[in-house]
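Read the structure below first, then the notes.
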Amino acid sequence: MKLLSKLRANLAKDRQTLKALSFRQKLRFILDYYRGYAFILFCLCLAGFYLGDIWIQTRRDTVLEGFFTNDEENLFPAKTITQEFSEFLNLSSGQQVVFDDSLYVQPGSSVDYHTASQGKIVAYVSARELDFLVTTRELAEYYSQNLPVDDLEQFLPPELVTRFRDQLYYIPDSQGVTKACAISLEESRFEKGTASPEAAPHYLMVFSYTKHQDAMIRFLEYAFELDWHFVSP
């Protein structure tokens with residue numbers, strides 16, 4: 001309120017000066033003398049929109065949350081996948097799926113963007129909010145030994161284990177036990193027939209604490225375009 005009052009007072013004070021100027025001079029005067037106020041108001045508007053969005057999101061039930069990392073070929077557009085998978089699940093207005101495709105990780109890198117991406121993954125896993133992670137083969141091997149990854153042979157129904165037998169990726173976990181820590185997405189709708197010859201397949205990993213098993217299985221049905229269901233819609 002003080003900012004708006006001060007702005008109105010300054011405008012009233014400068015009214016006579018503005019009357020004597022041409023349109024171009026008025027524009028330059030306003031840009032020069034009120035740029036700071038405009039920037040502050042712009043930031044306040046952005047903050048308002050951001051806080052409003054957070055308030056809306058907290059009032060909705062998150063059905064599934066996943067991250068896609070190191071997607072150099074733009075094979076996993078989060079916005080499109082969110083829309084399609086929401087329709088696939090026939091979500092209500094009070095439900096949502098949350099996906100993020102903006103992360104890029106290089107273990108050991110000191111680049112700010114890489115460390116921020118890694119920090120976000122670790123934070124969401126620590127908070128037990130992230131259900132799955134789609135990443136490269138090298139990072140799947142790295143995360144299997146550093147994050148609580150589930151054994152997909154135990155997580156999936158027997159029919160799906162049989163269906164994905166050739167796609168399951170067996171690697172050591174954090175305890176040194178070899179298990180199905182990931183599933184290759186090379187034959188999924190995201191990569192099948194679309195990836196360039198140079199593009200390595202991505203792998204999907206499910207975290208052991210997830211409470212969204214049904215939604216996770218439905219996501220695999222959607223990803224691999226299966227025409228039969230393993231869980232009730």
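The values are calculated or read from the model by the stated rules, or taken from the named source; none is laboratory data. Values in this document were obtained by computation on a predicted structure and should not be read as measured data. Note: ideal-geometry Cβ built from the backbone for every residue, glycine included; neighbour counts use all protein chains shown. Ligands, DNA and RNA are excluded from the accessible area calculation, which covers all protein heavy atoms including side chains. Shrake-Rupley method; radii C 1.70, N 1.55, O 1.52, S 1.80 Å.
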The range 88-213: mean projected area of Cα convex hull, nm²: 9.5 nm²
With a 1.4 Å probe and all protein chains left in place, how much accessible area per residue does the range 97-165 have, in Å²? 50 Å²
Of 140-150, 103-113, ordering from highest average Cβ density within 10 Å down gives 140-150, 103-113
For Lys79 paired with Ser92, estimate the spin-label separation in nm (one decimal), with each label point 7 Å from Cα along the Cα-to-Cβ line. 2.9 nm
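So what is the orientation-averaged projected area of the range 60-140, using the convex hull of its C-alpha atoms, in nm²? Don't skip to the end; give the middle numbers.
Working: hull surface 23.4 nm².
The Cα convex hull of the range 60-140, projected and averaged over all directions, gives 5.8 nm².
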